[in-house]
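These notes are about the structure you will find just below.
Every number in this text was worked out from the coordinates using simple rules, so none of it is lab data. Because the structure is predicted, anything quoted here is derived from the model rather than measured. Here the Cβ is made from the backbone with ideal geometry for all residues, glycine too, and neighbour counts use every protein chain on show.
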Amino acid sequence: MPLFVVDPALCKRDGVCVAECPTRIIEIAPGAAAPRVPAEAEEFCRNCGHCVAVCSHGAVTLATMAPEQLPPVRADRLLGPEQVEHFLRARRSVRSYTTRPVDRELLAKLIDIARFAPSASNRQPVKWLVIHDAAEVRRLAGLVIDWIRAGLPTQATATRRNNQRVISLWESGVDMICRGAPHLIVACAPKEYLWAATDSAIALTYLELAAPSFGLGACWGGFFTAAARQWAPLQETLALPADQIVCGAMMVGYPRNRFHRLPLRNEPPITWHEPNR
Ligand SMILES: Cc1cc2nc3c(=O)[nH]c(=O)nc-3n(C[C@H](O)[C@H](O)[C@H](O)COP(=O)(O)O)c2cc1C
């Protein structure tokens, strides 16, 4: 099947698919019945589906996406600015979890939502590693503690004094690494890829934002991620393919507590750049 097919009976030649194609490979030749993608330009397609999604006439089909496969955008499900602001401000890092395990299907559902995050050139490079077993999460947290004990953490995580506190608390039964979360979801991406960290962070952000709607809490695992970059015993046990690295990790579980207020944050430092005159 060709990459890009237009039904001339449905196409209104409004040029919308041409304008929205991120790589500008769609063209409407003068007098042609419908737009097309020249064969030599097909390699530039990002398979983002914008051409199919933006056509209000259902005229465009990509080899991988037919219009009838794409759910419609539901205006009644879109949020207004006040709801969005409140939703985003009400998101919290959750650091107290119940011992109730989260079904694998539900963790998979979170990842399924995260896959719709934007990624550079729509490359979708993130691979997911899920540590479902709570005892294993704790064992991995212990490996991170070993990494801290070995004196390896840099300023990326914390100061020497804080590291000492993390170790002392661990020894007294308080897990500052994975916060006693029953599960850990790890985002991995190709080691040499420029946007690995960015794409992973955005995907994890989607996952974190989606979690509360399922009654779940989440928290970024910064210690874990830093250790996974450096600490051979942790790397060995994670056993990633050689070309992959850990780009981020999210603790997940059922929250023990509920937040009742929206905490304050710094004013954003903004510089409005003006043209030089
Ligand atoms: C990249 C990154 C790494 C983080 N690492 C940790 C971590 O290792 N442990 C932890 O408890 N929280 C971690 N956090 C959560 C932050 O501490 C938290 O986002 C911040 O204190 C603000 O709180 P809020 O998320 O509830 O708004 C991390 C957050 C980010 C974005």
> Taking amide H positions as placed 1.01 Å from N in the peptide plane, with prolines and chain starts having none, which residues 5 or more places from Gly180, or on another chain, fall under 5 Å of its amide H?
Replying inline: Asp175
> Which cross-chain or sequence-distant (5 or more) residues have an amide H under 5 Å from the amide H of Ala218, H modelled 1.01 Å from N in plane?
Replying inline: Val94
> With axes computed from alpha carbons, what is the tilt in degrees of helix 196-210 against the longest principal axis of the chain, rounded to the nearest 10 within 0 to 90?
Replying inline: 80
>> Please enumerate, by chain and number, the aspartates and glutamates with C-alpha under 16 Å from the C-alpha of Lys12, excluding those fewer than 8 residues away in the same chain.
In response: Glu20, Glu27
>> Which one, Pro263, Ala249, Ala227, is farthest towards the positive end of the dipole of the range 212-277 when Lys and Arg carry +1 and Asp and Glu -1 on their Cβ?
In response: Pro263
> With θ set to phi - 60° and the Karplus curve 6.51 cos²θ - 1.76 cosθ + 1.60, what are the ³J(HN,Hα) couplings of the range 24-40 in order, to the nearest whole Hz, using x for Gly and Pro?
Replying inline: 6, 9, 8, 9, 10, 6, x, x, 6, 6, 7, x, 8, 10, x, 3, 6
> How far is helix 81-90 tilted off the main Cα axis of the chain, in degrees rounded to 10, range 0 to 90?
Replying inline: 20
>> What's the magnitude of the charge dipole for the range 18-97 around its Cα centre, counting Lys and Arg as +1 and Asp and Glu as -1 at the beta-carbon? Answer in Debye, nearest 20.
In response: 580
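Taking the Cα centre of the range 198-277 as origin and charging only Cβ (+1 Lys, Arg; -1 Asp, Glu), how large is the dipole, in debye to the nearest 20?
Working: 6 positive and 6 negative charges, 87 e Å.
Dipole of the range 198-277, to the nearest 20 debye: 420 debye.
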> Relative to the longest principal axis of the chain, what angle (0 to 90°, nearest 10) does the C-alpha long axis of helix 104-114 take?
Replying inline: 50
> Where does each of 263-276, 118-131 land if you order them by average Cβ count within 10 Å, highest first?
Replying inline: 118-131, 263-276
> Ranked highest first by average number of other Cβ atoms within 10 Å, how do 71-82, 211-222 line up?
Replying inline: 211-222, 71-82
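Do the sum for the chain: with -39,500 (n - 2.57) for every DSSP H run of n ≥ 4, divided by all residues, what is the mean residue ellipticity at 222 nm, to the nearest 500 deg cm²/dmol?
On the way: 9 runs with 90 residues, N = 277.
Rounded to the nearest 500, the figure is -9500 deg cm²/dmol.
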> Roughly speaking, what is the centre-to-centre gap between the range 1-79 and the range 98-144 when only Cα atoms are used, to the nearest Å?
Replying inline: 33
> Could you state the number of Å between the C-alpha centres of the range 236-277 and the range 157-232?
Replying inline: 10
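What does the charge dipole of the range 84-253 about its Cα centre add up to, to the nearest 20 debye, if the Cβ of each Lys and Arg holds +1 and the Cβ of each Asp and Glu holds -1? Let's see the in-between values first.
Numbers: 19 positive and 14 negative charges, 94 e Å.
Dipole about the Cα centre, nearest 20: 440 debye.
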